[in-house]
Amino acid sequence: MIRDFLEKRAGTWHEHNIPEYDGKILYDIIVENNYTRILEIGTSSGHSGIWMAWALSKTNGRLITIEINEGRYQKAVSNFREAGVSDIIDAISGNAHNILDELEGPFDLIFCDADKDFYKQYFTDLYPRLVKGGCYTAHNVYDTSPKRQFKSNGITEFYQYVKSLDYMETTLDESAGGLSISYKKY
Ligand SMILES: C[S@@+](CC[C@H](N)C(=O)[O-])C[C@H]1O[C@@H](n2cnc3c(N)ncnc32)[C@H](O)[C@@H]1O
């Protein structure tokens, strides 16, 4: 059912949603590591959430996802229902900056895909709630258009910081939406 929904809707995601390629990367990371506790910042209309929920349907896990824009939140809720993943997802409407403190965690995977100037702050706030062996991912880090550069000063600051940490093993996938992938080693 989830696969059918994603196939039917392929090419129709136009609200800053991740490309399918990055959805598959997130899916694989979750399933291969048997992750069950996932946090997403920036739901939009739910494309990435549905890819992660599909993986969580295999690992028997749950996704918490936060969206500040009420219209996109409503679309996501409707898409989650149509995809058959509502039971796996706690969709929260609101500003992540006001909500994150209330979320205890821990998390196996965090996917950061919201306000880019706060990427480093999100990481430093959330890092303590990421388990050892967990994965911190951030989207749109790298502009994969012909420009081939980091997206903004805030993102450059985040990426250089996380790359410098010896307890995080960080790689950058430049194939689609510029996804940084950082595993917490200890
Ligand atoms: C790039 S889109 C997310 C795309 C989504 N992850 C997907 O692939 O389907 C970024 C979203 O983050 C939301 N956002 C921006 N700042 C936010 C904040 N402080 N708290 C929650 N959501 C925020 C925006 O409204 C926008 O919908």
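Any read-out appearing in this document is the output of simple, stated calculations on the displayed coordinates, not a laboratory observation. What you see is a predicted model, and the numbers here were worked out from it, not measured in a lab. So basically every Cβ, Gly included, is an ideal-geometry build from the backbone, and we count neighbours across all protein chains shown.
Worth pointing out:
- Residues VAL31, VAL162, VAL77, VAL141, sorted so that the one with the fewest Cβ neighbours within 10 Å comes first: VAL31, VAL77, VAL162, VAL141
- Relative contact order, whole percent, for the chain stands at 19, derived from Cα pairs under 8 Å and 6 or more residues apart.
- The length gained on full extension between SER57 and ASP125, counted as 0.36 nm times the residue separation minus their Cα-Cα distance, comes to 21.7 nm.
- Residue-span extension gain [LYS24 to ASP115] - 0.36 nm each, minus C-alpha spacing: 30.5 nm
- Potential lengthening of the chain between MET1 and SER93 amounts to 30.6 nm, from the contour at 0.36 nm per residue minus the alpha-carbon distance.
- Inter-probe distance in nm under a simple model that places probes 7 Å from Cα toward Cβ, at ASN153 and LYS8: 4.6 nm
- Using a simple spin-label model with pseudo-atoms 7 Å out from Cα toward Cβ, SER164 and ASN69 lie 3.3 nm apart.
- Principal-axis tilt of helix 70-83 within the chain, Cα atoms, nearest 10 degrees: 60 degrees
- Sorting TYR161, TYR27 by the number of Cβ atoms found within 10 Å of their own Cβ, with the fewest placed first, yields TYR161, TYR27.
- Along the chain, counting only GluC sites (Glu not before Pro) with a DSSP assignment other than H, G, I, E or B and at most 16 other Cβ atoms inside a 10 Å radius, the longest segment between sites is 16-103.
- Rounded FRET efficiency, nearest 0.05, which uses the C-beta distance separating ARG81 from LYS185 and R0 of 30 Å: 0.20
- The Cα-based radius of gyration of the range 1-124, divided by its Kirkwood radius, gives an Rg/Rh of 0.93.
- Helix axis angle, 153-164 relative to the chain longest principal axis, alpha carbon, degrees: 70 degrees
- Modelled FRET efficiency - R0 25 Å, GLU174 with VAL31, Cβ distances, 0.05 increments: 0.65
- Rh (Kirkwood; distinct C-alpha pairs) - the range 1-48, Å: 11.8 Å
- Cβ-based charge dipole, the range 2-184, positive-most Cα from SER182, LEU6, ILE88: LEU6
- Spatially close Lys pairs in the chain, defined by Cα atoms under 20 Å apart and a spacing of eight or more places or different chains, total 17.
- Rounded to the nearest 20, the Cβ-based charge dipole of the chain about its Cα centre (Lys and Arg +1, Asp and Glu -1) stands at 260 debye.
- For the range 7-74 and the range 105-184, distance of Cα centres in Å: 16 Å
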